[in-house]
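Engineer: Have a look at this one before I ask anything.
Just so it is clear, none of the values below were taken in a lab; they were calculated from the coordinates. All figures in this text were calculated on a predicted structure; none of them were measured in a lab. Glycine gets a Cβ as well: all are built from the backbone with ideal geometry, and neighbour counts include every protein chain shown.
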Amino acid sequence: MKGYMAGMKILDSLDNGLPFLKMHGLGNDFVILDARKADVPMTAAMAQAIGHRYFGVGFDQLVVLADCDDADVDITFWNTDGSTAGACGNATRCVARLILDETGKTDLTLRTGRGLLSVTEAGGGLVSVNMGQPQLDWQDVPLAREVDLVELPIEGAPGAAGMGNPHCVFVVEDVESLDLHKLGPIYEHHELYPERTNVEFLQIIDRNTMRMRVWERGGLPTLACGSGACASAVVAHRKGLTERNVTIKLDGGDLQIDWRDDGVWMTGPTQLVFSGVLSTDFLDKIK
Ligand SMILES: N[C@H](CCC[C@H](N)C(=O)O)C(=O)O
């Protein structure tokens, strides 16, 4: 910022501020902070403040990158309510794109709350991530008690799967007519999910295509949810409705999900939108 608007007091606040990137994957948007070179302390209150769409920057998830010994980078995901998540598929793709471009590699290993994830350059601006095998034991999702994960004892008999974070997947006749703001909070806080859950609504189009809308844990509908798309593909296949390889049509665009022997692969686009700097004045107020 030096030289630009020289002499204005605001410059100091930006020169010593905290740089960030804004990216999205299918309209699921992220603020990315790089703590690899300089420590970036993050708290729930800070995440909430930065995430505010009017008083902060705004995001669906905040992403903090850190160095680690056994992967190209370590990633932590924060929701707008200040909670953290073990997985975020779209943000994982966005970070993968950054590190692929930064290193010139075509394959990466990323560390998330779920463990080590493999990434591969898919060409045409697309990135593929192996999101790992779905968690299909009730303790791992986690659920409150042992139940049939393909037909949960909830009206509408949704299915459950974990992808490093919990998911509750409904199959419905008409996904467009649903009021997510009404339904989402009911199931996010359902007693069967002790750590709350992300909630996906699917409409099957054919055995390789479905439409999905999502209410994310953290209290908001988003335009896309990568881990939710993976969980949805798993549940729909386990219910016998689809093949293992599907196109999922989200509000923000399409994801390809392929449940292979080595895990659930997710392929889709990413977009770097802008870089910015959080002012020290703002940071001082939210600490
Ligand atoms: N948008 C993310 C999911 C964020 C996860 C979060 N809402 C939670 O599990 O608490 C995705 O692409 O997978």
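Engineer: Counting only pairs 8 or more places apart or on different chains, how many lysine pairs in the chain have C-alpha atoms closer than 30 Å?
Structural biologist: Step by step, the pairs that qualify in the chain add up to 21.
Engineer: For the stretch 153-184, which GluC sites (Glu not before Pro) are in a loop by DSSP, counting at most 10 other Cβ atoms within 10 Å?
Structural biologist: E155, E173
Engineer: List C88, C68 from most exposed to least, where exposure is judged by having the fewest other Cβ atoms within 10 Å.
Structural biologist: Placing the least packed residue first, the sequence is C68, C88.
Engineer: In addition: Across the chain, how large is the tail of the calculated P(r) beyond 26 Å, expressed as a percent of all Cα pairs?
Structural biologist: So the portion of pairs separated by more than 26 Å is 42 percent.
Engineer: Determine the dipole magnitude for the chain: charges of +1 sit on the beta-carbon of Lys and Arg, -1 on that of Asp and Glu, nothing else is charged, the reference point is the Cα centre, and the result goes in debye to the nearest 20.
Structural biologist: 560
Engineer: Turning to a different aspect of this structure: By how many degrees, 0 to 90 and rounded to 10, does the Cα axis of helix 89-103 deviate from the longest principal axis of the chain?
Structural biologist: 50
Engineer: Would you kindly state the longest site-free stretch of the chain, with sites defined as chymotrypsin sites (Phe, Trp or Tyr not before Pro) in a DSSP loop (not H, G, I, E, B) surrounded by at most 10 other Cβ atoms within 10 Å?
Structural biologist: The segment 55-287 is the longest one with no such site.
Engineer: With an 8 Å Cα cut-off and a minimum separation of 6 or more residues, compute the relative contact order for the chain in percent.
Structural biologist: Answer for the chain is 21 percent.
Engineer: Sticking with this structure for a sec: Tell me which residues come under 5 Å, amide H to amide H, from T209 once H is placed; ignore anything under 5 positions away on its chain.
Structural biologist: Under 5 Å from the amide H of T209 lie the amide H atoms of T247, each far enough along the sequence or on another chain.
Engineer: While we're here: When T270, T43 are ordered from fewest to most other Cβ atoms inside 10 Å of their Cβ, what list results?
Structural biologist: Sorted ascending by nearby Cβ count, the order is T43, T270.
Engineer: State the percent of C-alpha pairs, over all pairs in the stretch 159-261, separated by a distance greater than 18 angstrom.
Structural biologist: Summing the P(r) of the stretch 159-261 above 18 Å gives 39 percent of all pairs.
Engineer: If each residue of separation counts as 0.36 nm, what is the full-extension length gain between A66 and A38 once their alpha-carbon separation is subtracted?
Structural biologist: Between A66 and A38, full extension yields an extra 9.2 nm.
Engineer: Among L183, L11, L202, determine the one that fluctuates most according to a GNM of the chain built with springs between C-alpha atoms less than 10 Å apart.
Structural biologist: L11
Engineer: Give me the angle, in degrees from 0 to 90, between the Cα long axis of helix 226-238 and the longest principal axis of the Cα atoms of the chain, rounded to the nearest 10.
Structural biologist: Helix 226-238 sits roughly 10 degrees off the main axis of the chain.
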